[in-house]
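Colleague: The structure is given below, and queries will be raised subsequently.
What follows draws every value from the coordinates through simple rules; no lab data is involved. Keep in mind it's a predicted model, so treat the numbers as computed, not measured. For neighbour counting, all protein chains shown are included, and Cβ atoms are generated from backbone atoms with ideal geometry for every residue, glycine included.
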Amino acid sequence: MERESTELPVPFSDQRGVIPPPLSRTIAPQFTPPPLAQVPPAQKSMPAMAAVIVPPVSLVGSIAGTTNNSAINIAEFPQKQPAENANPPTEMEVWQEKQRKRAVPSWLVSFIVHVVILLALAAAPIARFAAGPLTLLLGKSDGLQMSEFNLTSNGDSSEDVEAPEINELATSNIQTLDTDSLTSAFDAIRIPTGGTAQPSLEDLGLSEGFSGRSSAMKSALLRKYGGTPTTEAAVEAGLKWLVKNQRSDGSWSLTGSYSDGGMAENKSAATAMAINAFLGAGYTHKEGKYADVVEYGLRFLISKQDKEGFFSNEAPSRQKMYAQALATIAVCEAYGMTGDSKLRTPAAKAIKFAEWSQSNENAWRYEPKEGADLSMTGWYLMALMTGKMAGLGPDAKKIKNVSKYLDAVQTSDSSRYSYTEGERPSLSMTAVGLLCRQYLGWPKSHPAILGAIERDLLPSSPQEGDPRYSVYYWYYATQVLHHVGGEAWTQWNNSMREVLPAMQVKSGREAGSWSPDLDQFGASGGRLYTTCFNIYCLEVYYRHLSLYDLDQKGPKKR
C-alpha cells in the first residue's frame with residue numbers, strides 16, 4: 001500500500017543547511033564578564049550523558065560571513081564623554097572598555113617578538129647541554145597559571161613537562177601511514193566476536209556516559225552498533241594526521257600549514273576540535289599512545305582561559321562563542337574521563353560562563369547574553385550536558401529552558417527546525433533540534449522524531465559522489481539515528497560506514513584527512529574542521545552511550 005505523504009507545507013531553506021546571514025558591517029559589541037562564582041564541590045557521581053561536539057567554528061552563519069577585523073583598533077575611535085547626569089554604563093560598554101585597556105600596541109608586540117627571537121638564537125648553544133628541548137613561554141593565562149596546571153602522562157610527577165617540537169610530535173608513538181592502503185596499516189585492529197564477558201549496557205546509568213570509550217566497552221559497542229575494522233582504521237588514520245599537524249606550542253590551526261585551510265585563524269577552536277577527536281576515541285592525557293599529544297593540547301587551551309572562564313579572546317568576533325563552547329566541551333570531557341583535579345577549576349569556570357551567557361531568549365548567539373540561533377544553542381546545550389556528565393552540576397533550569405527556544409524555532413508538528421525564529425527550516429538545523437530534544441527528555445517513540453527520520457534524515461544519508469554534502473549535518477544526524485537505533489540506524493550506518501572512509505585521503509601529504517572541497521562549510525572551516533567532524537561520526541559507536549538503551553522508557557529526566 002502506498003504510504004501516505006507526511007511532507008510539510010513549509011519547505012527547507014535549502015537541501016543541506018541554513019543559508020548564512022549577511023555580514024554585519026559594524027564592530028561586534030563585547031560583553032561584561034560573569035560574576036566570579038564559587039566552584040561547586042566535587043560530586044560523588046557523574047550524572048547525565050552528553051554529546052560532544054563539537055563542532056564547527058563557522059558552520060551556520062559564522063565564518064562564512066566573517067572578516068578579519070584585526071586591523072580595526074577600537075581605541076582609535078573618539079571616546080564619548082559621559083554627561084553630567086548620564087546613566088551608568090551598560091554591560092556591553094563596561095566590557096568594551098575592558099577590552100580596549102587590554103589591547104597591546106602593535107609596536108610593542110613586534111618589539112617583544114624580535115627580543116624573543118634574539119634570546120632564542122643566543123640560547124641555542126646552551127640548549128645542547130640541556131636535558132630536553134628549549135621551551136619559550138611567550139605568555140600565560142589571566143586566570144590559571146601554567147605553573148599551576150602541570151599535566152603529566154602518568155599524573156605522578158610534579159615537574160613541568162616541556163612541549164616537544166613539531167617534528168617530535170609527528171613521530172612519537174606513531175607509525176608511518178601505508179599510503180597504498182589504510183587498511184593494511186591497521187591489520188591488528190579486530191572487533192572481537194566472543195570471549196571475555198563485557199559489561200551490560202543496561203547495567204549502566206547515564207552517569208557512566210564516558211564509559212563507552214574504555215577498551216572493554218569500546219569493543220562491545222562496536223559489535224552492537226555496526227562498527228568495523230575499516231571505520232576504526234579511518235579513525236586512527238585521522239588521529240595520526242592530527243598528530244602530524246599539532247604545533248610545537250600544543251595548539252592546532254584552522255588555516256594550517258596543510259592544504260585547504262580555513263578562512264580565518266582560530267587556534268582555540270581548532271585545538272578544542274582536535275582534542276575532542278582524541279577524547280572521543282578514548283585517548284586522554286593520562287593514558288593511551290596519544291597522552292602527550294592530548295596533554296600539550298590541553299595545556300595550550302587552558303593557557304588561553306581568562307579569569308572569567310573565557311578561552312577565545314583572540315578569536316575573530318563572530319567565532320568567539322563557537323570556540324568557547326568547543327573548548328568548554330573539551331576541558332569538561334577531559335576532566336570527566338580522568339577525574340584530574342587540575343582540570344576541575346578551568347572546567348567549572350567554563351560551565352559558569354556558559355550559564356551566565358545564556359540570553360533572555362533561553363539561547364546563545366555571537367555575543368554573551370544577546371540574541372539566539374539554534375546552531376550556537378546546540379553547542380552550548382551540549383557543553384552544559386557534558387559538564388553535567390562530568391559532575392560539575394550546571395544549573396538545571398538553564399538546561400530545561402532551552403526547550404522554550406526550541407519551541408520558537410520549530411514547525412507546527414515539532415519535526416523541523418530553523419536557524420533563527422521566523423526563518424524557514426533547514427536539514428542541518430532539524431538534526432540539531434532533534435538531538436537537543438533527545439537530551440531534554442523526548443522518548444524515541446515521539447512522532448516528531450520518527451517522522452523527521454523517515455521523511456528527512458534517512459533520504460539525506462551519506463552518499464558517495466554527493467556533489468554538495470555537509471559533514472556538520474552528518475554529525476548531528478548520526479547521533480540522532482544512533483540514539484534511536486533499530487532499522488533506521490542500521491540503514492543510516494550501512495551508508496555512513498562505507499562512504500566516510502572511502503572519502504578519506506589515502507596517500508600523500510594529507511593522508512588520513514578529509515578534503516573540505518565539496519563540503520557546504522568546508523571553505524570556512526577548512527581541512528581540520530572536515531577531518532575532525534568525520535572522525536566524530538566514525539566514533540559514534542562508543543563515543544556516546546545510546547540514551548534509549550540506558551533507559552528503555554526514554555532519557556532520564558534532567
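Colleague: Between region 279-325 and region 446-524, what is the C-alpha centre distance in whole Å?
Modeller: Centre-to-centre distance over Cα atoms comes out at 26 Å.
Colleague: Using the crude model of +1 on Lys and Arg Cβ and -1 on Asp and Glu Cβ, and no other charge, please compute the dipole size for region 164-550 relative to its Cα centre, in debye to 20.
Modeller: It comes to approximately 700 debye.
Colleague: Also, quick follow-up: Based on the mean of other beta carbon atoms within 10 Å per residue, what is the order of 438-444, 364-370, most packed first?
Modeller: 364-370, 438-444
Colleague: Place the peptides 386-392, 427-433 in order of packing, highest mean first, counting for every residue the other Cβ atoms within 10 Å and averaging per peptide.
Modeller: Values: 386-392: 27.4, 427-433: 29.0.
The densest-packed peptide leads the list: 427-433, 386-392.
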